[in-house]
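Peer 1: Quick one: the structure is below, questions incoming.
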Amino acid sequence: MPTLVDKYFSEADLDAIQQAVTAAEKKSSGELAIKLAPQSRSWLLERVVVSSLAAVVCLVVSLYLTKESNWGTYLNFTQGALWSIIGFLAGYFGLGKLLKSESRRRRAVWNNALHLFYKLKPTRGHTGVLILVSLEEEQAAVIADVAIATKVPKDYWDEPHAMIMEGIRAGRHAEGMVQAVTAIGNELARFFPHHDDDRNELPDRPQIIE
């Protein structure tokens, strides 16, 4: 079954990104790892859980407010069910959208990128860079290893990140990533020049996260 990665990245796109990574790594001893993920969090499950809780609250409140105590206690389950449905829809289309705010999407992708970064095989000189693009969230994250972080200014990474985000917003995902990879390669070459004994320690081709 086609995924969001298939929707936004063709084989030609993956080839172009791979070629950009290979070219960047020929300039420096840095290593780039590209990860493409359909999503970084189960947003649908979260919306369903929140909506279900809203439905339960509406049901309980409705039963309490509409109960009659003449000759016994009678609960209006018909009205309770109606308000339960209203609560679920309000939770799904109202609170659900708030839960998927840009800040939460950005944080989810960053946390996923950290998780993937720590799973990478450490490079010999700790000169690895991870780029994650998460498609449902329409967000990206760039993480550099410790050796790079001590030399490349922290605010530099805003530049390649902005290139990727501009490509995402314009629907040219691969183009933005190629630009970012090329820029990162040029920056790393300033601080970590290529050596004859450098090995290719991380795959050049983008890895698709299932």
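Peer 1: If you check every pair at least six apart or on different chains, which have Cβ atoms under 9 Å apart with a residue in region 75-90 that is in contact (Cβ under 8 Å) with a residue 40 or more places away in the chain first and a residue that is in a helix (DSSP H, G or I) and surrounded by fewer than 15 Cβ atoms within 10 Å (Cβ to Cβ) second?
Peer 2: Close Cβ pairs satisfying both conditions: none exist.
Peer 1: Identify all residues within region 1-30 that are within 21 Å of the chain's Cα centre (by Cα) and either closer than 26 Å to Pro193 by Cβ or of a type in the set (A, V, I, L, M, F, W, C) (or both); write none if there are none.
Peer 2: Met1, Leu4, Val5, Phe9, Leu14, Ile17, Gln18, Val21
Peer 1: Of the conditions (1) charged (D, E, K, R); (2) in contact with a strand residue (DSSP E or B) (Cβ under 6 Å, 6 or more places away or on another chain); (3) within 23 Å of Phe9 (Cα to Cα), Glu201 clears all except one; give me its number.
Peer 2: So the condition that Glu201 fails would be (3).
Peer 1: Residues of region 27-55 being touching an Asp or Glu at 6+ places or on another chain (Cβ under 9 Å), in a loop (DSSP other than H, G, I, E, B) and either among the charged types (D, E, K, R) or surrounded by fewer than 18 Cβ atoms within 10 Å (Cβ to Cβ) (or both), which ones?
Peer 2: Pro38, Arg41
Peer 1: Now, a different point. Please note which helices (runs of 4 or more DSSP H) are completely contained in region 97-210 and include at least 3 residues that are surrounded by 17 or more Cβ atoms within 10 Å (Cβ to Cβ) and over 16 Å from the mean Cα position of the chain (by Cα).
Peer 2: 173-191
Peer 1: I've got another one for you. Please enumerate the residues belonging to region 153-200 that are more than 12 Å from Val129 (Cα to Cα) and among the aliphatic types (A, V, I, L, M).
Peer 2: Residues satisfying the conditions are Ala162, Met163, Ile164, Met165, Ile168, Ala170, Ala174, Met177, Val178, Ala183, Ala189.
Peer 1: Answer yes or no as to whether Tyr92 is more than 30 Å from Leu120 (Cα to Cα) and among the hydroxyl-bearing types (Ser, Thr, Tyr).
Peer 2: On the way: more than 30 Å from Leu120 (Cα to Cα): yes; among the hydroxyl-bearing types (Ser, Thr, Tyr): yes.
In short, yes.
Peer 1: Also, quick follow-up: Tell me, which residue of region 56-67 that is hydrophobic (A, V, I, L, M, F, W, C) and open to solvent by less than 70 Å² (accessible area, probe 1.4 Å) is nearest to the chain's Cα centre (by Cα)?
Peer 2: Per the stated criteria, the residue is Cys58.
Peer 1: Pairs, please: C-beta under 8 Å, at least 6 apart or cross-chain, first residue closer than 13 Å to Pro206 by Cα and in region 1-19, second charged (D, E, K, R) and open to solvent by 50 Å² or more (accessible area, probe 1.4 Å)?
Peer 2: Listed pairs, sorted by first residue: Leu14/Arg205; Ile17/Arg205; Gln18/Arg205.
The values are calculated or read from the model by the stated rules, or taken from the named source; none is laboratory data. Source: prediction; values computed, not measured. Ideal geometry is used to build each Cβ from the backbone, glycine not excepted, and the neighbour counts take in all protein chains shown. Remember, those area values only see protein heavy atoms, side chains included, never the ligands or the DNA or RNA. Shrake-Rupley method; radii C 1.70, N 1.55, O 1.52, S 1.80 Å.
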